[in-house]
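Structure, as structure tokens:
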Amino acid sequence: MDGHEAIVRLSGVAKSFGDQNVLEPLSLVVRNGEFLTILGPSGCGKTTILRLIAGFETPSSGDVFIAGERVNNVPPNRRRVNTVFQSYALFPHMTVAENVAFGLRMARVPRPEQEARVAEVLRMAGLENLAGRRPRQLSGGQQQRVAIARAVVNRPLVLLLDEPLSALDVQLRKQMRSELKHLQRQLGITFIFVTHDQEEAFAMSDRVVVMSDGRIEQTGAPAEVYEEPVNLYVARFVGETNILDGRILARDNGQVAAVVEGVPCALSSRRDVAPGDAVKVILRPEDLLVERSAPEGGKVLWLPGTVEETVYKGTTYDIAVNLDVGKRVVATEFFDEDAEKIAFAPGERVFVSWIQGWEVVLPDGG
Amino acid sequence: MSRALKAAYAVAVYLFLYAPIAVLIAFSFNDSKYGASWRGFTLRWYADLAQDTALLDAALNSLLVAALAATAATALGTLAAVALHQYRFRGRRLTQTCLFVTMMSPDIVMGVSLLVLFVSLGLTPGFLTLLLAHITFCLPFVAVTVFSRLAGFDPHLVEAAQDLGAGEFDTFRLVILPMLMPAVAAGWLLSFTLSLDDVIVSFFTTGPTFEVLPLRIYSMVKVGVKPVVNALSAILVFVTVGVVLTSHLLLGEKK
Amino acid sequence: MAARTSDRSLFRTLAVGGVMAWLLVFVAAPNLLVLGASLASRGESEFLALPVSLDSYGKLLSPLFAGVFLDSFVLAAGATLFCLLLGYPFAYILARLPKARRPLLLLLVIIPFWTNSLIRTYALVFILKTEGLLNAALLGLGLLSEPLSLLYTETAVFVGLTYTLLPFMILPLYASIEKLDPRLLEAARDLGADRLRVFWRITVPLTAPGIAAGCMLVFLPSFCLFYIPDILGGAKTLLVGNFIKNQFLAARDWPLGSAASVLLTAVMALLAVLRLRLSHPAGEEARR
């Protein structure tokens with residue numbers, strides 16, 4: 001199956017409710033067979049995108065395409081997509097089996113086939129023994145599986161999931177994450193998942209769409225978004241950041257000479273930065289190095305500072321340092337029982353640098 | 001405010017509410033034509049009731065109209081509630097206003113306006129006009145009962161049905177209506193009672209060809225005390241209690 | 001998947017169209033017709049005749065109708081006040097009972113509410129008449145030496161109105177008081193307010209919507225329940241409802257009857273607006 005054809009395409013789609021612009025005109029291509037997550041805080045418009053694809057909203061402008069066909073005016077009951085709702089929305093007066101069979105019944109699938117497919121899906125979801133129960137007799141996790149089964153049994157082109165794990169407790173969430181991932185691989189159906197939980201998005205997705213305030217900030221594989229965020233918002237949203245200020249002096253292909261926090265150093269960046277530009281240097285906690293003394297020479301800069309506190313987290317070890325230049329940074333190191341430098345004490349003088357090449361340079365104001 | 005005082009007050013009000021009815025029922029067993037003082041226990045008024053064909057005919061008429069009106073009003077009222085809850089349509093405000101007006105209008109305003117309507121249409125007051133009138137005043141009560149039930153639903157349920165391929169009618173038939181059943185049934189019972197009890201609207205919208213019970217009682221009672229009416233009233237009170245209890249159970253079931 | 005465009009619009013069209021058609025024919029049209037009738041003239045063989053005029057409204061100002069209206073107003077206001085004074089403490093006591101006790105006691109209020117008003121009015125005859133229960137009790141207790149002739153008086157009509165409409169006052173009051181958060185009252189006491197202050201400044205304002213609803217449900221019908229004066233008042237007392245009935249049936253002056261009916265509708269509209277204002281103070285928007 002070709003993993004690159006577009007199964008869903010949003011072209012210049014915008015949505016407003018009254019005078020409230022929920023979505024700015026945006027475009028998005030969802031590839032067939034991928035697990036795509038739309039990630040963003042509440043109110044950023046991610047659920048609206050889902051509803052536009054499902055057909056519960058019509059775009060104020062722009063077009064929605066499913067499998068190449070323009071579906072703006074096609075009602076939800078005629079689109080080959082199915083939704084798993086955050087509240088599960090199981091029909092309370094029907095049994096589990098009847099709930100799951102509903103879509104097949106609407107499609108006028110012959111009875112024997114209905115029963116067979118329902119049985120198969122229930123087995124796959126581990127729900128065979130619950131077929132005759134009512135939703136209120138099930139636990140949250142079971143209800144969720146029924147919701148997924150009910151959607152998946154119809155073999156939709158796309159499955160839309162609206163924060164389906166948010167009502168579950170932490171353990172169950174983690175378990176469901178890998179189950180959903182496996183399910184998607186098994187079925188080969190395109191999943192579009194919506195969440196505000198960055199860890200969840202990264203754990204399950206092939207690609208992530210980061211949104212804020214009705215706009216798409218960045219689309220890409222989790223690693224790409226994490227290590228090469230296009231702006232400060234994305235950088236901050238997907239993980240911890242340390243931000244240093246700098247100014248470009250000169251540029252030579254991928255190598256850039258700059259002054260960072262008053263200290264000259266070399267940066268690598270393929271970005272379009274010109275001499276004189278103010279930039280932000282983004283560093284993840286795991287990119288930073290903390291030493292008691294600055295090694296001599298090298299193109300790498302060492303910034304002096306004082307240890308504020310250290311937090312032992314089991315596998316890792318966080319060191320918060322107040323730099324002399326006035327900024328606070330947090331470094332994360334793997335806890336190494338043998339290493340001498342374990343015992344940084346608050347108040348100790350240290351030098352902070354980073355693993356060369358791991359920095360991200362962003363234009364200031366990005 | 002002491003407990004005893006509160007209890008006494010509450011009891012007093014309950015007494016106020018029930019004493020006349022209790023007396024009424026008690027006197028239905030009184031062996032006296034004028035209901036002046038207690039003369040002895042008898043069931044003869046109930047026997048007379050069974051013989052009074054005019055009264056029984058009127059009772060049957062009332063039951064017939066009540067059942068038909070309740071059914072029609074429940075159907076229309078349920079559709080009205082669903083339409084107002086689900087759809088955005090042009091006459092929405094107008095529909096809500098009409099329902100409000102019907103519920104809040106004094107019976108006499110309704111009775112008189114319908115009389116004017118029927119005369120304008122050239123209809124003679126009788127069974128049909130009465131039925132149409134009853135359906136009209138029962139409608140909003142069903143609509144309100146069903147609507148408040150609908151308002152408590154998970155809004156995603158209808159979306160889920162649509163998502164799975166159901167059209168408007170299937171969604172209504174297979175998802176909305178089954179979940180509404182208790183409210184629909186309560187609405188029917190409500191309408192049935194309202195129709196049976198109605199005096200004023202019936203006064204203006206029925207004719208000599210079709211007599212209903214409350215109007216018959218009215219004419220009998222204007223003249224003075226009639227023990228047969230006591231017996232009838234006792235039965236009606238009993239029926240009312242039954243209906244209220246049933247509808248209470250129905251509405252209380254699904255929270 | 002089978003395309004079913006047809007059933008999408010058809011059901012919706014039928015549902016919306018059917019309901020709207022019914023309401024337009026049986027609610028909107030009749031009220032408009034009455035408005036029109038009030039502007040017509042009295043006909044000879046027909047009920048209504050053509051010259052359009054405001055005569056009927058003029059007749060509403062005549063001593064005949066004005067007297068009836070005033071009487072009705074006094075009775076209605078009195079009945080409303082009495083129901084409020086009687087009903088509020090009752091509703092309050094009921095609403096503050098432990099949760100388990102409430103349903104049954106509430107049911108005991110709902111039953112008279114649903115019992116045929118005609119029957120309930122008739123039942124009062126037994127209590128109020130000369131040989132009735134009330135006199136028997138009063139005589140028996142030695143409070144009277146001669147029985148009171150209460151029946152067929154304005155007092156009887158007043159008692160009848162109050163008795164019939166009391167549940168209509170109690171139920172909305174109960175609903176409103178039940179929603180009152182007891183912690184608000186505790187907070188007020190904690191801040192130094194005595195019981196009376198708490199009642200006037202906290203309880204009453206917060207239960208104002210219930211009070212407004214209850215008053216509306218008693219005041220307006222008090223004008224209209226013509227069978228109460230017929231049974232208890234011996235047709236000596238006339239309510240606006242009796243007046244309208246007479247105009248339509250006995251006097252055959254439909255324009256006048258219609259004008260009086262329009263007046264009642266106007267009163268209802270006024271009350272509805274007042275009630276809306278009371279339920280949403282400080283100009284909050286009352287959108288649904």
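The values are calculated or read from the model by the stated rules, or taken from the named source; none is laboratory data. Quick caveat, the model's predicted, so the values are computed rather than measured. We place every Cβ from the backbone using ideal geometry, glycine too, and count neighbours over all the protein chains shown.
Consider residue C:130 carefully, then state whether it is within 23 Å of the chain's Cα centre (by Cα) and polar (S, T, N, Q). When the stated conditions are applied, residue C:130 does not pass them. Filtering B:139, B:130 for residues that are among the hydrophobic types (A, V, I, L, M, F, W, C), in a helix (DSSP H, G or I) and within 8 Å of chain C (Cβ to nearest Cβ) leaves a single hit, B:139. Of all the listed residues (C:95, C:100), the sole one being modelled with pLDDT under 90, more than 9 Å from every other protein chain (Cβ to nearest Cβ), surrounded by fewer than 19 Cβ atoms within 10 Å (Cβ to Cβ) and out of contact with any Ser or Thr (no Cβ under 7 Å at 6 or more places or on another chain) is C:100. The single condition from (1) at pLDDT 80 or above; (2) surrounded by fewer than 22 Cβ atoms within 10 Å (Cβ to Cβ) that residue C:124 fails is (2).
Please verify whether segment C:78-86 includes one or more residues that are surrounded by 15 or more Cβ atoms within 10 Å (Cβ to Cβ) and either at the interface with chain B (Cβ under 10 Å from one of its Cβ atoms) or not in a helix (DSSP H, G or I) (or both). Scanning segment C:78-86 turns up at least one residue that is surrounded by 15 or more Cβ atoms within 10 Å (Cβ to Cβ) and either at the interface with chain B (Cβ under 10 Å from one of its Cβ atoms) or not in a helix (DSSP H, G or I) (or both).
Output yes when any residue across segment B:233-249 is touching a Phe, Trp or Tyr at 6+ places or on another chain (Cβ under 8 Å) and more than 9 Å from chain C (Cβ to nearest Cβ), and no when none is.
First, the residues of segment B:233-249 that are touching a Phe, Trp or Tyr at 6+ places or on another chain (Cβ under 8 Å): B:233, B:240, B:243-244.
Restricting the remaining residues to those that are more than 9 Å from chain C (Cβ to nearest Cβ) gives none.
No, there is no match, as no residue in segment B:233-249 is touching a Phe, Trp or Tyr at 6+ places or on another chain (Cβ under 8 Å) and more than 9 Å from chain C (Cβ to nearest Cβ).
The set of residues in segment C:122-146 that are within 25 Å of residue C:227 (Cα to Cα), of a type outside the set (Gly, Ala, Ser) and either at the interface with chain B (Cβ under 8 Å from one of its Cβ atoms) or outside any helix (DSSP H, G or I) (or both) comprises C:122, C:124, C:125, C:126, C:127, C:129, C:130, C:131, C:133. Looking at segment B:1-88, the helices (runs of 4 or more DSSP H) lying wholly inside it that each contain 3 or more residues that are at pLDDT 90 or above sit at B:3-27, B:53-86. The residues of segment B:216-230 that are at the interface with chain C (Cβ under 9 Å from one of its Cβ atoms) and either touching a His at 6+ places or on another chain (Cβ under 8 Å) or part of a helix (DSSP H, G or I) (or both), listed by number, are B:217, B:218, B:221, B:222, B:229, B:230. Taken over segment B:1-28, the criterion of being within 21 Å of residue C:199 (Cα to Cα) and at the interface with another protein chain (Cβ under 7 Å from one of its Cβ atoms) is satisfied by B:6, B:9, B:10.
Any idea which residue in segment C:1-16 is modelled with the lowest pLDDT, counting only those that are at the interface with chain B (Cβ under 7 Å from one of its Cβ atoms) and more than 13 Å from residue B:166 (Cα to Cα)?
If we filter segment C:1-16 for residues that are at the interface with chain B (Cβ under 7 Å from one of its Cβ atoms), which is where we start, we get C:1, C:4, C:7-8, C:11-12, C:15-16.
From what is left, the residues that are more than 13 Å from residue B:166 (Cα to Cα) are C:12, C:15-16.
Details: C:12: 86, C:15: 89, C:16: 90.
Among those residues, the one meeting the criterion is C:12.
Considered as a group, the residues in segment A:74-116 that are more than 16 Å from residue A:148 (Cβ to Cβ) and within 30 Å of the chain's Cα centre (by Cα) include one that is farthest from the other protein chains (Cβ to nearest Cβ), and that residue is A:74. With the condition kept exactly as written, say whether any residue in segment C:147-158 is within 26 Å of the chain's Cα centre (by Cα), part of a helix (DSSP H, G or I), without any contact (Cβ under 8 Å) to a residue 24 or more places away in the chain and under 30 Å from residue B:222 (Cα atoms). The answer is yes; a qualifying residue exists. When segment B:29-43 is filtered for residues that are at positive phi and within 8 Å of another protein chain (Cβ to nearest Cβ), only B:35 remains. Going by the structure shown, is residue C:232 over 23 Å from residue C:33 (Cα atoms) and either more than 18 Å from the chain's Cα centre (by Cα) or loosely packed, with under 13 Cβ neighbours inside 10 Å (or both)? Yes: the conditions hold for residue C:232. Remark: residue A:250 falls outside the filter, which requires a residue to be among the aliphatic types (A, V, I, L, M), free of Cβ contacts under 8 Å to residues at least 12 places away in the same chain and surrounded by fewer than 15 Cβ atoms within 10 Å (Cβ to Cβ). If the condition is being touching a Phe, Trp or Tyr at 6+ places or on another chain (Cβ under 9 Å) and not aromatic (Phe, Trp, Tyr), then segment A:85-115 contributes A:94, A:98, A:99.
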